[in-house]
1. I'd like the full set of residues that are surrounded by fewer than 15 Cβ atoms within 10 Å (Cβ to Cβ) and part of a loop (DSSP other than H, G, I, E, B), limited to the range 101-111.
2. Look through the range 47-69, keep the residues that are without any contact (Cβ under 8 Å) to a residue 40 or more places away in the chain and either at negative phi or not in a loop (DSSP other than H, G, I, E, B) (or both), and return whichever of them is surrounded by the fewest Cβ atoms within 10 Å (Cβ to Cβ).
3. Pairs needed: first member in the range 113-134, without any contact (Cβ under 8 Å) to a residue 40 or more places away in the chain; second member anywhere, in a loop (DSSP other than H, G, I, E, B) and exposed (fewer than 15 other Cβ atoms within 10 Å of the Cβ); C-beta distance under 7 Å; at least 6 residues apart or different chains.
4. For the range 144-156, enumerate the residues that are under 20 Å from the mean Cα position of the chain (by Cα), crowded, with 17+ Cβ neighbours inside 10 Å, assigned to a strand (DSSP E or B) and of a type outside the set (Phe, Trp, Tyr).
5. Kindly evaluate ALA96 against the criterion of being buried (at least 18 other Cβ atoms within 10 Å of the Cβ), at pLDDT 95 or above and under 17 Å from the mean Cα position of the chain (by Cα).
6. Take PRO74 and tell me if it is assigned to a loop (DSSP other than H, G, I, E, B) and under 16 Å from LEU38 (Cα atoms).
7. Taking PHE131, is it open to solvent by less than 20 Å² (accessible area, probe 1.4 Å), of a type in the set (Phe, Trp, Tyr) and in a strand (DSSP E or B)?
8. Does SER141 satisfy being open to solvent by less than 50 Å² (accessible area, probe 1.4 Å), part of a strand (DSSP E or B) and within 30 Å of VAL33 (Cα to Cα)?
Amino acid sequence: MRQLTLLIAGTACAAAFHVQPANAEDTVVTFTVTAGPLSVTVPASASIGAGEPGTTISGSLGTITVTDSRGANPAEWTVTVSSTDFTAAGVPAIPASAATYTAGAPTSTEGDGVFSPGAPGPLGTTPMVAFTHTGGTGGNSASWEPALSVNVPNTATAVTYTATVTHLVA
């Protein structure tokens, strides 16, 4: 009789701890990742310094930032840079090729893949590679502070020269 009582008590105890839900239903959740833009942000202007004819004037162009929100796979892009000649009213222009663009290492990156600066080189109307991103997926961004060095010819006049440096991302 003792064994039977113990068995009944054990079964009653197990039934008391097995709770059945009153009602359970599932919800299927979905979301959509939308493609955003691929963009480059540059400073509106930059003064790289001053110097005499026959010297090299160097300075930073400021922070250049590429933001890739396309959600692509692979999420690759290339930034090219070009420039107009350096001009001032009433004096001969200094050719864009007198300026050397150096991207340097990135100051910040976000996302996967490989972020690489282009090789330093002379500017011109023909675009040169400033920075690339290869591999990786989804969103990413990179910033860098390129240096510009202008070899000022001995024939330069003492005025302020102006050029337009264009960064293009694709």
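The values are calculated or read from the model by the stated rules, or taken from the named source; none is laboratory data. Since this is a predicted model, take the numbers as computed values, not measurements. Every residue, glycine among them, receives a Cβ derived from its backbone with ideal geometry; neighbour counts consider all protein chains shown. In case anyone asks, the SASA skips ligands and DNA or RNA and just uses the protein heavy atoms, side chains included. Shrake-Rupley method; radii C 1.70, N 1.55, O 1.52, S 1.80 Å.
1. GLY104, ALA105, THR107
2. SER47
3. Correct list of pairs: GLY113/GLY135; VAL114/GLY135; PRO117/GLY104; PRO117/ALA105.
4. LEU148
5. no
6. Numbers: assigned to a loop (DSSP other than H, G, I, E, B): yes; under 16 Å from LEU38 (Cα atoms): yes.
Judged against the criteria, PRO74 is a match.
7. Working: open to solvent by less than 20 Å² (accessible area, probe 1.4 Å): yes; of a type in the set (Phe, Trp, Tyr): yes; in a strand (DSSP E or B): yes.
Yes: the conditions hold for PHE131.
8. yes
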